[in-house]
Amino acid sequence: MPKRTRNFISPDGHWRISTSKGAIMESRCQCSQADKSKEENEATCNLCRYTKELAELPNLPEEVYADNVLVIEHDTSGTVIEVKPHQLFVHLLMRCDSLMH
């Protein structure tokens, strides 16, 4: 499924918001045999990457839209914020870890 991208501009014209939406993450490994023979840190499919990098999570949510992206840009300051699901999970893990210790 191709990504759907939408762009919005705030009424005052200073903020641009862009969203890219993809399909739900696969529930089975999509790596080819050649990919699996690579070093472990080069996992190519989203499932392998999420499973490896977020191993501390007891399990992944039932639905993960791994290819979605939210970008917020402010034209005057040049500030750009890009948010991806993987980054949110990593932040959540770090936050939970700091609360536990």
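Nothing in this text is a laboratory measurement; each read-out follows from the coordinates by a stated rule. What you see is a predicted model, and the numbers here were worked out from it, not measured in a lab. A quick note on method: Cβ atoms are made from the backbone with ideal geometry, for glycine too, and the neighbour counts reach across all protein chains shown.
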Chain lengthening between V83 and Y65 when straightened (0.36 nm per residue, less Cα-Cα): 5.2 nm
Sum of side-chain charges, I81 neighbourhood, beta-carbon under 15 Å (Lys, Arg +1; Asp, Glu -1): -1
What does the extension gain come out to for S18 and K52, with contour length at 0.36 nm per residue minus their alpha carbon separation? 9.4 nm
Inter-probe distance in nm under a simple model that places probes 7 Å from Cα toward Cβ, at E26 and T5: 2.4 nm
